[in-house]
1. Might you let me know whether segment 343-353 holds any residue that is of a type in the set (Val, Ile, Thr), within 20 Å of TYR293 (Cα to Cα) and at pLDDT 90 or above?
2. Conditions: (1) outside any loop (DSSP other than H, G, I, E, B); (2) surrounded by fewer than 18 Cβ atoms within 10 Å (Cβ to Cβ). ARG315 meets all but one. Number of the miss?
3. So, in segment 89-108, of the ones that are modelled with pLDDT of 70 or more and outside any strand (DSSP E or B), which residue ends up farthest from the ligand (Cβ to nearest atom)?
4. Could you list all residues from segment 51-74 that are among the aliphatic types (A, V, I, L, M) and farther than 22 Å from TYR162 by Cα?
5. I'd like the full set of residues that are within 14 Å of the ligand (Cβ to nearest atom), part of a loop (DSSP other than H, G, I, E, B) and closer than 16 Å to LEU233 by Cα, limited to segment 177-190.
6. Name the residues in segment 286-312 that are assigned to a loop (DSSP other than H, G, I, E, B) and touching an Asp or Glu at 6+ places or on another chain (Cβ under 8 Å), would you?
7. Can SER221 be described as within 19 Å of VAL207 (Cβ to Cβ), of a type outside the set (Lys, Arg), assigned to a loop (DSSP other than H, G, I, E, B) and outside the structural domain of HIS352 (by TED's automatic domain parsing)?
8. Can you name the condition, by its number, that LEU335 falls short on among (1) touching a residue at least 24 places away in the same chain (Cβ under 8 Å); (2) part of a helix (DSSP H, G or I); (3) under 26 Å from ASN383 (Cβ atoms)?
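The values are calculated or read from the model by the stated rules, or taken from the named source; none is laboratory data. These figures come from a predicted structure and were not determined experimentally. As a convention, Cβ positions derive from the backbone with ideal geometry for all residues, glycine included, and neighbour counts pool all protein chains shown.
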Amino acid sequence: MEPNPTIFHALHSPPARICCWRLLFFLLLTGLPVYGADSVRKVKFSGTPEQPGLAEHARQIGNEFYPKILALFPDDAPKVAQQFDIIFKPLKSHNSGETYASRAKIYLNSDYLTNNPAAQNWIGNNITNFDKVFIHEMAHMTQQYKTGARIPFYWEEGMADYVRFKLGYTNGWECAECSAEYPHYISGYTCMGAFLLYIDATCGPKVIRQLHTELRRGSYSDAFFSKTTGRSLDALWAQFQNTPTFTPVAAQANQVLKEIGYLDGKPPRDVNARFKTYVREHGDPDVIQFFKYVDALPAKDMYGRSLKEIQNQLRIYLYFTQPGGAPEALLRKMLKQGELPGFAKGDHGWIHGALNLGEMDAPAYPVSRTLRCKKNNEPSTYNYTFVRPGSNTAWTLQKAWQSDPDGQVIKEYSIPW
Ligand SMILES: [Zn+2]
């Protein structure tokens, strides 16, 4: 655990200043507001000097948004930390995640941000993706919910996403909707966040403020919604499913979960066997074939996300069964018909490379995917870029090229071949 910087300073300050530090420490502990002070107390990135730009950005976002988050929950705001530290450090135990928050500190995984290609995609392309996660983490500092058997995690994770939606970050990556990744409110995150935003819009923000207080006190039960809105949680959830943020793919995901025996969000004991049976019984030959391929892959995708977890297996299934099919199916069809550039009829090969789950969720159109194929006893790679302009249009092959093991282009094929 990190030494508390305030205690550290108190121990290392001359006696005359100790009481000042003690007083400040007391104020922070009791949570009395520190008027006029910036929300961000310290940004520590000495172990990661390559992040100064991001560190400064984090400070600005913290100072701008933390007071707004406190203002969303005014009844409880005086009881939570008024200031916090931002710490960039390698978080080996949080390798697949990016950040986490304690009561008055936000840790950012500098190792992930610097070395993981997913992070380059994630914030390299759009800094607001960082802001979304950062606001979510700041919201966690205000929560300290009594999660456990009675109050499941999804309230905490859903409310943190509700906060960032409420503060304007509803669109783009991880937008306010139920998806293949988060199909139900019990998945937490964007689905619960979108559901809470719906309750806010239809029943008023006061309900969300009261909910937050009940969750903090540990006194929440599902009866809360009947008491405060006159509608049960189930009734609100059923109404919410008529809104566009409850997407068709989320409905399909919930249907599959129900059919394989999920009950109140809990999987049956033999969930993996049931899911395999479901795929065998419902998938077309292509889908069944692709799952054999997925089963043969390592347990994790290229960014370290488990491919064996049922939630991710479901995402893969929804990807392969998307209306209009997946580009992998078109590639197989072209191969069979001798229409795949670089492959003669009867040539054998395989799709090469790990899956990227992030590319498989319901896309924002237009979408493009590049698949890479190999042939037996041949070092080169055959690359195919497929595009789909919208959900009502089919995938088409846009570009095809052969590359050597260093990725250098050997040959480009004209389309159609
Ligand atoms: Zn979270």
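1. No, because not a single residue in segment 343-353 is of a type in the set (Val, Ile, Thr), within 20 Å of TYR293 (Cα to Cα) and at pLDDT 90 or above.
2. Exception for ARG315: condition (2).
3. Of the residues in segment 89-108, the ones modelled with pLDDT of 70 or more are 89-91, 101-108.
Subsequent filtering for residues that are outside any strand (DSSP E or B) retains 90-91, 102-104.
Values: PRO90: 20, LEU91: 14, SER102: 12, ARG103: 14, ALA104: 16 Å.
Here the residue is PRO90.
4. Pass one, segment 51-74, residues among the aliphatic types (A, V, I, L, M): 54-55, 58, 61, 69-72.
Answer for segment 51-74, where residues must be among the aliphatic types (A, V, I, L, M) and farther than 22 Å from TYR162 by Cα: LEU54, ALA55.
5. Listed by number, the list holds a single entry, GLY188.
6. Our first condition is that a residue be assigned to a loop (DSSP other than H, G, I, E, B); within segment 286-312, this holds for 297-299, 301-305, 307-309.
The answer is LEU307, and nothing else.
7. Details: within 19 Å of VAL207 (Cβ to Cβ): yes; of a type outside the set (Lys, Arg): yes; assigned to a loop (DSSP other than H, G, I, E, B): yes; outside the structural domain of HIS352 (by TED's automatic domain parsing): yes.
Yes: the conditions hold for SER221.
8. (1)
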